[in-house]
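Asker: Can you keep this structure in mind? I'll have questions shortly.
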Amino acid sequence: MRRVSPKVFLIGETRVIDEGLDAYLKHVGAPEWTTDAPSDAEKLTEVCGRLCYKSFKPGLNQNVTRVREGNDKYVGNLVEVGHGSVLEHAVVNFVFADVSRVFTHELVRHRVGTAISQESLRYVRLTDLGLWLPTVIANDSSASQMFQEIFEYLEKIQLKLAEMFNLDGDKVPFHFKKLVTSAMRRIAPIGLATSIAWSANHRTIRHVLEMRTAPEAEEEIRLVFGKVGELMLARYPNIYGDFTVEVVEGLSCYRPKHSKIQVKH
């Protein structure tokens, strides 16, 4: 058994294909258009927003005589007026590691605008259980010791069952290993450390960030999304520019000025 702490890895993000964008701008009649967007996500958000109104420059749309300049002002206005659909085009890819199944069971409740791939305990045999302790347990030496002893016992059971079924024996077929491993996970603790890949668009991330860092949210998911928020505000300052951060009970609480952006038509 090992003690762990939840970790957040940013492993991917949407990239703009400049050749394609340049071809589109030429097609629409605005080949000279540029932006000061600090990231491809914010650039893509601005392009998709301007596409809706054909507002790359004055006169391109006869109804538009002025255009808002600057990506920060443009994206900020999209957020303010609630044009949330354009925030769905850019996606961010995370891996959350050493998180518990308590955490993942809550995370997968957020389905809209997400893609999820979780470590499968049908295939991955448990040989070294990782444990993260919530503060209320970690601060109590007796409770902490009890948690550790239970995890150590359950780890021994996993190892003993693997030995009983000779899972490491020569020529044991993989389908049999999978069958036994799948059965053994039924007595694994829900608090064991695992990994999950989570991809989401920025509209969804804004919503989940607000919901899951709120003081009433569960501690572990608050901890993880506090790390997510730190990454998002630093990497995409214009998309998340209306967020303020407050430390509540030792964890960051992210509050947007414009909450749960709706679709505008």
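The values are calculated or read from the model by the stated rules, or taken from the named source; none is laboratory data. No experiment lies behind these values; they were computed from the predicted model shown. Here Cβ is always computed from backbone atoms with ideal geometry, including for glycine, and neighbour counts include all displayed protein chains.
Asker: For the condition β-branched (Val, Ile, Thr), crowded, with 17+ Cβ neighbours inside 10 Å and assigned to a loop (DSSP other than H, G, I, E, B), what is the one hit in Ile239, Ile205, Ile221? Before you say what the answer is, go through the steps one by one.
Answerer: Details: Ile205 fails: assigned to a loop (DSSP other than H, G, I, E, B); Ile221 fails: assigned to a loop (DSSP other than H, G, I, E, B).
Matching residue, one of Ile239, Ile205, Ile221: Ile239.
Asker: What are the residues in region 3-27 that are out of contact with any Ser or Thr (no Cβ under 8 Å at 6 or more places or on another chain) and either modelled with pLDDT under 95 or small (Gly, Ala, Ser) (or both), if any?
Answerer: Correct list: Ser5, Gly20, Ala23.
Asker: Another one. Determine, yes or no, whether Arg122 is in contact (Cβ under 8 Å) with a residue 40 or more places away in the chain and touching a strand residue (DSSP E or B) at 6+ places or on another chain (Cβ under 7 Å). I'd like the intermediate steps shown before the answer.
Answerer: Numbers: in contact (Cβ under 8 Å) with a residue 40 or more places away in the chain: yes; touching a strand residue (DSSP E or B) at 6+ places or on another chain (Cβ under 7 Å): no.
Spelling it out, it is not the case that Arg122 is in contact (Cβ under 8 Å) with a residue 40 or more places away in the chain and touching a strand residue (DSSP E or B) at 6+ places or on another chain (Cβ under 7 Å).
Residues checked against (1) more than 19 Å from Phe9 (Cα to Cα); (2) without any contact (Cβ under 8 Å) to a residue 40 or more places away in the chain:
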residue	(1), (2)
Val208	no, no
Ala217	yes, yes
Gly226	no, yes
Thr244	yes, yes
Ser259	yes, no
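Asker: Taking region 114-153, which residues are assigned to a loop (DSSP other than H, G, I, E, B) and touching a Leu at 6+ places or on another chain (Cβ under 6 Å)? Step through it out loud before you land on a result.
Answerer: Applying the first criterion (assigned to a loop (DSSP other than H, G, I, E, B)) to region 114-153 yields 119-129, 132-134, 139-140.
Listed by number, the list holds a single entry, Leu129.
So that you can scan it fast, the table gives a plain yes or no per residue for (1) more than 22 Å from Ser182 (Cα to Cα); (2) at pLDDT 95 or above:
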residue	(1), (2)
Asn61	yes, no
Val64	yes, no
Lys73	yes, yes
Gly82	yes, no
His89	yes, yes
Leu107	yes, yes
Gln118	no, yes
Arg125	no, yes
Gly130	no, yes
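Asker: On the given criteria, is Ala183 among the hydrophobic types (A, V, I, L, M, F, W, C), in a helix (DSSP H, G or I), surrounded by 12 or more Cβ atoms within 10 Å (Cβ to Cβ) and on the phi < 0 side of the Ramachandran plot?
Answerer: On the way: among the hydrophobic types (A, V, I, L, M, F, W, C): yes; in a helix (DSSP H, G or I): yes; surrounded by 12 or more Cβ atoms within 10 Å (Cβ to Cβ): yes; on the phi < 0 side of the Ramachandran plot: yes.
For Ala183, the condition - among the hydrophobic types (A, V, I, L, M, F, W, C), in a helix (DSSP H, G or I), surrounded by 12 or more Cβ atoms within 10 Å (Cβ to Cβ) and on the phi < 0 side of the Ramachandran plot - is met.
Asker: Then there's this: For Arg222, indicate whether it is touching a residue at least 24 places away in the same chain (Cβ under 8 Å) and farther than 30 Å from Asn139 by Cβ. Spell out how you get there, then give the answer.
Answerer: Working: touching a residue at least 24 places away in the same chain (Cβ under 8 Å): yes; farther than 30 Å from Asn139 by Cβ: no.
Answer is no for this residue.
Asker: Scanning region 131-145 for residues that are of a type in the set (S, T, N, Q) and in contact with a helix residue (DSSP H, G or I) (Cβ under 9 Å, 6 or more places away or on another chain), which turns out nearest to Glu218 (Cα to Cα)?
Answerer: We begin by selecting, within region 131-145, every residue of a type in the set (S, T, N, Q); these are 135, 139, 141-142, 144-145.
Narrowing further to those that are in contact with a helix residue (DSSP H, G or I) (Cβ under 9 Å, 6 or more places away or on another chain): 135, 144.
Numbers: Thr135: 11, Ser144: 19 Å.
Across region 131-145, the extreme among qualifying residues is Thr135.
Asker: Among the residues in region 54-69, are any under 27 Å from the mean Cα position of the chain (by Cα) and charged (D, E, K, R)? Give the steps one after another, and end with the answer.
Answerer: As a first pass, look at region 54-69 and keep what is under 27 Å from the mean Cα position of the chain (by Cα): none.
No, that holds for no residue.
Asker: Out of the residues in region 94-141 that are among the polar types (S, T, N, Q) and buried (at least 19 other Cβ atoms within 10 Å of the Cβ), which is farthest from the chain's Cα centre (by Cα)? Step through it out loud before you land on a result.
Answerer: Initial filter on region 94-141 (among the polar types (S, T, N, Q)): 100, 104, 114, 117-118, 120, 127, 135, 139, 141.
Adding the requirement that they be buried (at least 19 other Cβ atoms within 10 Å of the Cβ) leaves 100, 104.
Values: Ser100: 15, Thr104: 11 Å.
Among those residues, the one meeting the criterion is Ser100.
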